[in-house]
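The values are calculated or read from the model by the stated rules, or taken from the named source; none is laboratory data. Everything numeric in this text was worked out from a predicted model, so none of it was measured. Glycine gets a Cβ as well: all are built from the backbone with ideal geometry, and neighbour counts include every protein chain shown.
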Amino acid sequence: MTRQSAQRHVAVVGGGLAGLAAAAALGSVGHKVTLFEARPFFGGRATSYPLNSADSTGPTIDNCQHVLLRCCTNLLDFYRRLHVEDRIHFSREFYWIEPGGRLSLMRAGRLPRPLHFTGSFAKLRFLSVRAKVDVARGLLAVQRDYHHRHDLDQITMLDWLQEKRQGPQAIERFWRQVLVSAINEDLERMAAVHGLQVFWLGFLSRGDSYQMGIPSVPLAHLYSAESWREYPLVELRPRCPVQEINIAGGQVASLKLQDGSFSADAYVSALPFERLDTVAPDANVKTDRFTHSPITGIHLWFDRPITRLPHATLLDRTIQWMFNKEGGRHIQLVVSASRKLVEMPRQEIIDLVLSELKDFFPAVANARLERAHVVKEIRATFSAGPGLEWQRPASATTIPNLFLAGDWTRSGWPATMEGAVRSGYLAAEAVTAHFGDPMRFLRPDVA
Ligand SMILES: Cc1cc2nc3c(=O)[nH]c(=O)nc-3n(C[C@H](O)[C@H](O)[C@H](O)COP(=O)(O)OP(=O)(O)OC[C@H]3O[C@@H](n4cnc5c(N)ncnc54)[C@H](O)[C@@H]3O)c2cc1C
């Protein structure tokens, strides 16, 4: 049974995964929590909504397909707390498709880690023998460097790959293909530490940690009221923007709301970095080193199935991932670090991806496009460039009763759902320490 604390009242600002995770952790040990969310629904950047708000019978879509890996130990713990872990379906296969339609499959075999991919890796058709040797050498170097080098936050991933003499095909078709989607940044701009972490935790440290989890329900359903029934001490307030976190006499005194104010014993800001300066101008948190990297999601509805594959990564084109949402008729495409698409008109994006899709799935040529929807998330994540890691703030601030959460804070992970939940748990730990009864919520990494 979870140890309970003497009850105190905590206000959480922001109902994305970071805020929700902080609320669940604090509510589970006997603290009263009131969470304020500006929008009518929860989940922040990992959410879903009706495609047409005037038509409740129409499709509900995720703002963008979200996936996790089995190594996301804290996100999975959070889903367990809300009893929704069975709504995440794990896939043991990664499909890679080349233009022209040639398919390769990567999955773990019988050999123990780190050799578990050896069988399927040897059969990958999109890499030459030379590129496979490069990648194998690179993966060995990940094992050596990840825990031993201290400059990985100072150099880019591309610097590191060039230092390891990775050839163009290994870089473009393997490292870039995996990492741009995982970190939402280009190899030229991403700090090497994040790239090595993805390969260490996701591919090398455990035989099953690479398995990809895909929610089988719209994202917002994972945080529904029913999921919170076991947390009677947590009150979630949607449509309740906090206008200001008022600091007076070196402490947070109250939250300014549209229709009054609200006071608690401690306050967690789970806001994105670009909102913090406006909502808490006196919090003294430096956010000026942070910039954004965009993600573009494209939903296409065809009159017939265009593929039977559940998902695939598409090589050598703009589109990086395809997810099959509805028997091959509703397809969701994802382009990470999509700066090139930000200025492009929506119709041009649709035309571009349709012409690219035909290179991978010939059935597209005969299918009729019934509906298309483009979501440009300009502020998808922070850009995880070199030198930024030590600028990410920790949970505790210079204001004793104010704590920070959010995927941009120092969670130990890049901007992901796992990073957001970790930051929420870390903030909850800092709050309990402030109350004089420190508790642990963070789950350790798989290795
Ligand atoms: C398109 C896209 C695709 C992604 N794909 C993946 C993926 O596949 N896998 C993965 O792990 N991660 C993915 N991510 C990243 C992941 O979604 C984020 O890292 C994570 O959801 C961030 O959570 P957060 O709680 O830190 O911030 P947010 O989700 O931004 O939450 C902040 C919340 O604060 C609220 N808020 C703002 N101002 C106020 C105010 N004044 N008062 C009250 N509330 C306020 C906002 O409405 C929001 O709900 C993706 C992100 C995007 C945008």
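Please note which strands (runs of 3 or more DSSP E) are completely contained in the stretch 166-257 and include at least 3 residues that are within 13 Å of the ligand (Cβ to nearest atom).
So the answer is 212-215, 242-248, 251-257.
For Thr313, all conditions in the list (1) at pLDDT 95 or above; (2) among the polar types (S, T, N, Q); (3) closer than 26 Å to Gly15 by Cβ hold save one; what is the number of the exception?
(3)
Exactly one condition in (1) within 19 Å of Ala405 (Cβ to Cβ); (2) in contact (Cβ under 8 Å) with a residue 40 or more places away in the chain; (3) not in a strand (DSSP E or B) is false for Arg317; which is it?
(1)
When you go through Arg206, Arg189 one by one, which is the residue that is touching a Gly at 6+ places or on another chain (Cβ under 6 Å) and either more than 18 Å from Val67 (Cα to Cα) or assigned by TED's automatic domain parsing to the domain that holds Asp134 (or both)?
Just one listed residue meets the conditions, Arg189.
For the stretch 59-93, what are the residues that are of a type in the set (S, T, N, Q) and within 12 Å of the ligand (Cβ to nearest atom)?
Within the stretch 59-93, Asn63, Gln65, Asn74 qualify.
Within the stretch 364-382, can one find any residue that is of a type in the set (Val, Ile, Thr) and over 27 Å from Phe273 (Cα atoms)?
Yes, the conditions are met somewhere in the stretch 364-382.
Specify which of the listed residues (Val10, Val84) is farther than 17 Å from Arg422 by Cβ, modelled with pLDDT of 95 or more and out of contact with any strand residue (DSSP E or B) (no Cβ under 7 Å at 6 or more places or on another chain).
None of the other options fit; the residue is Val84.
Out of (1) assigned to a strand (DSSP E or B); (2) away from the ligand (no atom under 11 Å from the Cβ), the odd one out for Thr296 is which?
(2)
Go through the stretch 274-291 and give me each residue that's more than 22 Å from Gly250 (Cα to Cα) and within 10 Å of the ligand (Cβ to nearest atom).
Glu274, the sole residue that qualifies.
Would it be correct to say that Asp303 is of a type in the set (D, E, K, R), in contact with a strand residue (DSSP E or B) (Cβ under 9 Å, 6 or more places away or on another chain) and in the same structural domain as Asn324 (by TED's automatic domain parsing)?
Yes; evaluated as a whole, the condition is true for this residue.
Pick from Gly14, Gly100, Gly27: which is within 16 Å of the ligand (Cβ to nearest atom) and among the small types (Gly, Ala, Ser)?
Within the list Gly14, Gly100, Gly27, the selection yields Gly14.
Please enumerate the residues belonging to the stretch 143-166 that are under 15 Å from Arg189 (Cα atoms) and in contact (Cβ under 8 Å) with a residue 40 or more places away in the chain.
Hits for the stretch 143-166 are Leu152, Asp153, Gln154, Ile155, Thr156.
Is at least one residue of the stretch 360-367 closer than 20 Å to Asp62 by Cβ and either modelled with pLDDT under 95 or among the hydrophobic types (A, V, I, L, M, F, W, C) (or both)?
Scanning the stretch 360-367, I find no residue that is closer than 20 Å to Asp62 by Cβ and either modelled with pLDDT under 95 or among the hydrophobic types (A, V, I, L, M, F, W, C) (or both), so the answer is no.
Quick one: in the stretch 34-70, which of the residues that are over 30 Å from Leu201 (Cβ atoms) and of a type in the set (A, V, I, L, M) is surrounded by the most Cβ atoms within 10 Å (Cβ to Cβ)?
Ala38
Condition check ((1) surrounded by 20 or more Cβ atoms within 10 Å (Cβ to Cβ); (2) at pLDDT 95 or above) across all residues:
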{"residue": "Ser383", "(1), (2)": "yes, yes"}
{"residue": "Ala394", "(1), (2)": "no, yes"}
{"residue": "Glu418", "(1), (2)": "yes, yes"}
{"residue": "Tyr425", "(1), (2)": "yes, yes"}
{"residue": "Ala433", "(1), (2)": "no, yes"}
{"residue": "Gly436", "(1), (2)": "no, yes"}
{"residue": "Val446", "(1), (2)": "no, no"}
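What are the pairs with Cβ atoms under 7 angstrom where one residue, in the stretch 45-61, is more than 29 Å from Glu418 (Cα to Cα) and the other, located anywhere, is within 16 Å of the ligand (Cβ to nearest atom)? Sequence gap at least six, or different chains.
Close Cβ pairs satisfying both conditions: Gly58/Leu51.
Check Ala22, Ala108 and return the single one that is within 11 Å of the ligand (Cβ to nearest atom) and in contact (Cβ under 8 Å) with a residue 12 or more places away in the chain.
The conditions single out Ala22.
Is there a residue being out of contact with any Phe, Trp or Tyr (no Cβ under 7 Å at 6 or more places or on another chain), more than 30 Å from Gly213 (Cα to Cα) and either touching a residue at least 40 places away in the same chain (Cβ under 8 Å) or among the aliphatic types (A, V, I, L, M) (or both) anywhere in the stretch 286-299?
Checked the stretch 286-299: at least one residue is out of contact with any Phe, Trp or Tyr (no Cβ under 7 Å at 6 or more places or on another chain), more than 30 Å from Gly213 (Cα to Cα) and either touching a residue at least 40 places away in the same chain (Cβ under 8 Å) or among the aliphatic types (A, V, I, L, M) (or both).
Yes/no matrix, rows are residues, columns are (1) near the ligand (Cβ under 9 Å from one of its atoms); (2) within 16 Å of Gly14 (Cβ to Cβ); (3) assigned to a strand (DSSP E or B); (4) not assigned by TED's automatic domain parsing to the domain that holds Lys340:
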| position | (1), (2), (3), (4) |
| --- | --- |
| Thr398 | no, no, no, yes |
| Phe403 | no, yes, yes, yes |
| Thr409 | yes, yes, no, yes |
| Gly412 | no, no, no, yes |
